[in-house]
1. Given the residues Gly224, Gly241, which is the only one that is closer than 30 Å to Glu172 by Cα, out of contact with any helix residue (DSSP H, G or I) (no Cβ under 9 Å at 6 or more places or on another chain) and modelled with pLDDT of 95 or more?
2. If you scan region 205-228, which residues turn out to be assigned to a loop (DSSP other than H, G, I, E, B) and either in contact with a Pro (Cβ under 8 Å, 6 or more places away or on another chain) or of a type outside the set (Gly, Ala, Ser) (or both)?
3. Look at Asp233 and say whether it is in contact with a His (Cβ under 9 Å, 6 or more places away or on another chain) and part of a loop (DSSP other than H, G, I, E, B).
4. Quick test for you: out of Glu148, Glu124, pick the one residue that is assigned to a loop (DSSP other than H, G, I, E, B), open to solvent by less than 10 Å² (accessible area, probe 1.4 Å), closer than 26 Å to Tyr254 by Cβ and out of contact with any Pro (no Cβ under 8 Å at 6 or more places or on another chain).
5. Mind checking whether some residue in region 61-79 is in a helix (DSSP H, G or I), modelled with pLDDT of 95 or more, out of contact with any helix residue (DSSP H, G or I) (no Cβ under 6 Å at 6 or more places or on another chain) and over 28 Å from Asp263 (Cβ atoms)?
6. Collect the residues in region 167-204 that are closer than 26 Å to Asp271 by Cβ, part of a helix (DSSP H, G or I) and not aliphatic (A, V, I, L, M), keeping them in residue-number order.
7. Would it be correct to say that Gly11 is over 16 Å from the mean Cα position of the chain (by Cα) and either modelled with pLDDT under 95 or closer than 21 Å to Gly282 by Cβ (or both)?
8. Given the residues Asp232, Asp271, Asp249, which is the only one that is surrounded by fewer than 24 Cβ atoms within 10 Å (Cβ to Cβ) and under 14 Å from the mean Cα position of the chain (by Cα)?
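The values are calculated or read from the model by the stated rules, or taken from the named source; none is laboratory data. These numbers were taken from a predicted model, which means no experiment stands behind them. All Cβ positions, glycine included, derive from the backbone under ideal geometry; neighbour counts span all protein chains shown. With ligands, DNA and RNA removed, areas are computed over all heavy atoms of the protein, side chains included. Shrake-Rupley method; radii C 1.70, N 1.55, O 1.52, S 1.80 Å.
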Amino acid sequence: MVFAATQDFFGAGASDKHAAPAAARADRFDVKRAWRIVRMQLAVGQRPGGSPQLRELAERLRRLLPHGRFEDLDPEFPGLRNIVGDLPGRGPPIVIGAHYDTQAEPAGFVGANDSAAGTAAVIELARALRSSRARAGRAVRFVLFDGEEQPAGQTGRPFQTSGLRGSRAYVEAHPDHASELVLLDYVAARGSTFRRENDSDPALWARLRTAARAAGVGAYFPPGDQGVGIVDDTFAFLQQGIPAVDIIDWGYRYKQGTQDTLDKLDPRVLDAVGEAVAALAGRGG
């Protein structure tokens, strides 16, 4: 959580109420691979920060990132750990991130869009960008944030201080080691398009839209903004003066409750986001 069809070819099995834009021209991002990673996470069930099931899943996710490693959030947030991977290159890295924990409440929340899809996209982008030609030689860091969601019993507290634990700890540990952040959250729902979240850096967002057009997925990134600033894992980066954008469809209907499930997603939307971010990272700055 953050604050402020035709049956698809992977068998999600829900009716699509919106006509999807044309398929991407670019083909860096393998959405079939990403979709399998979404399913792998959902098979675990609810995965709150620090839970045994999330820690077990984290071992599998770590192995899927290049030079994957854990960064413990101890002592401030015992039991939590970010997962970090790197593709070396020139300059401070662009950080591509998502959170991999789920809401602790209500019971049964599995987080298909929030944020199994974002996690899967980050991992597939790491594979797609391994080619130096695909990323124009720039350094890229991939971060899966733990503890974005609030712990059980703390939903009444300010999200800035009770949630976002992984991203706050990351910025504290690496205040000067990021050129910019692209955050993937709510990136795969049927019918989603992505206008600028109001706190997202305008210049970086403009570059993302340019990259999306170059990849043939510009229709998923229309002009304008969403009319709301969202407190998300971009928050600590922006406070540190690091340009950051939040790819998120705040109009997603299933942010709360237990209906954020695989049948609400569309691989075409996930593919479009993946191709856009791959193109941005490949533009060399």
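1. Numbers: Gly224 fails: closer than 30 Å to Glu172 by Cα.
After ruling out the rest, the residue left standing is Gly241.
2. Of the residues in region 205-228, the ones assigned to a loop (DSSP other than H, G, I, E, B) are 215-217, 221-224, 226-228.
Selection gives Val217, Phe221, Pro222, Pro223, Gln226, Val228.
3. Numbers: in contact with a His (Cβ under 9 Å, 6 or more places away or on another chain): yes; part of a loop (DSSP other than H, G, I, E, B): yes.
Judged against the criteria, Asp233 is a match.
4. Details: Glu124 fails: assigned to a loop (DSSP other than H, G, I, E, B).
Within the list Glu148, Glu124, the selection yields Glu148.
5. Our first condition is that a residue be in a helix (DSSP H, G or I); within region 61-79, this holds for 61-62.
If we keep only those that are modelled with pLDDT of 95 or more too, we end up with 61-62.
Within this subset, residues satisfying the condition of being out of contact with any helix residue (DSSP H, G or I) (no Cβ under 6 Å at 6 or more places or on another chain) are 61-62.
Remaining after also requiring over 28 Å from Asp263 (Cβ atoms): 62.
Yes, there is a match, as at least one residue in region 61-79 is in a helix (DSSP H, G or I), modelled with pLDDT of 95 or more, out of contact with any helix residue (DSSP H, G or I) (no Cβ under 6 Å at 6 or more places or on another chain) and over 28 Å from Asp263 (Cβ atoms).
6. Within region 167-204, Ser167, Pro202 qualify.
7. On the way: over 16 Å from the mean Cα position of the chain (by Cα): yes; either modelled with pLDDT under 95 or closer than 21 Å to Gly282 by Cβ (or both): yes.
It is true that Gly11 is over 16 Å from the mean Cα position of the chain (by Cα) and either modelled with pLDDT under 95 or closer than 21 Å to Gly282 by Cβ (or both).
8. On the way: Asp232 fails: surrounded by fewer than 24 Cβ atoms within 10 Å (Cβ to Cβ); Asp271 fails: surrounded by fewer than 24 Cβ atoms within 10 Å (Cβ to Cβ).
After applying the criteria, what remains is Asp249.
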